[in-house]
Amino acid sequence: MRVMKVRVDTDRCTGHGVCESIRADVFEVGDDGMVHLLNEEFTADMRPQLEEAVAECPTQALRLED
Ligand code: SF4
């Protein structure tokens, strides 16, 4: 099955948690104020919400990688 990955630019993430509010099963803001990924690889059916998280991140810290 085709999978994709999410990359986090840790220099940009400021822990707003917008991504977490979209998919709490994927993104978790830790005590360190940085987002952590709860999964490594994602299937195509999750793409719309992952793209939404990428678009909504206020610091452009997320990107998808095919
Ligand atoms: S929305 Fe962006 S800045 Fe906020 S926690 Fe997620 S990756 Fe970090």
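Comparing Cα centroids, segment 2-19 and segment 23-56 end up 6 angstrom apart. Axis angle, to the nearest 10 degrees, between helix 47-56 and the longest C-alpha principal axis of the chain: 30 degrees. Secondary-structure-derived ellipticity at 222 nm for the chain, considering helices only, amounts to -6000 deg cm²/dmol, per-run term -39500 (n - 2.57) for DSSP H runs with n ≥ 4.
Calculate, for segment 3-60, the solvent-accessible area per residue in square angstrom, rolling a 1.4 angstrom probe over the heavy atoms of the protein chains.
On the way: 3510 Å² over 58 residues.
For segment 3-60, the solvent-accessible area averages 61 Å² per residue.
What relative contact order, as a whole-number percentage, does the chain give when Cα pairs under 8 Å and 6 or more residues apart are counted? The partial results should precede the final answer.
Details: 102 pairs, mean separation 31.5, N = 66.
Reported relative contact order: 48 percent.
Each residue, Leu37 and Thr10, gets one label point 7 Å from its Cα in the Cβ direction; the gap between the two is 1.3 nm.
Only sites in a loop by DSSP and with at most 11 other Cβ atoms within 10 Å count here; which trypsin sites (Lys or Arg not before Pro) in the chain make the cut? Mind showing how you got there, number by number?
Values: sites: Arg2, Lys5, Arg7, Arg12, Arg23, Arg63; in loops: Arg2, Arg12, Arg23.
For trypsin sites (Lys or Arg not before Pro) across the chain that sit outside H, G, I, E and B with at most 11 neighbouring Cβ atoms in 10 Å, the list reads Arg2.
On segment 3-60, 43 percent of the accessible area sits on carbon and sulfur atoms, based on a 1.4 Å probe. Start at zero, step by 10 Å, and the Cα-Cα distances of the chain spread as 24, 60, 15, 1 percent across the bins. Annotation: Thr14 carries an accessible surface of approximately 80 Å², with a 1.4 Å probe and no ligand, DNA or RNA atoms counted.
The values are calculated or read from the model by the stated rules, or taken from the named source; none is laboratory data. None of these values were measured; they are calculated from a predicted model. No Cβ is skipped: glycine too gets one built from the backbone with ideal geometry, and neighbour counts run over all protein chains shown. Heads up: the accessible areas ignore ligands, DNA and RNA and are worked out on the full protein's heavy atoms, side chains in. Shrake-Rupley method; radii C 1.70, N 1.55, O 1.52, S 1.80 Å.
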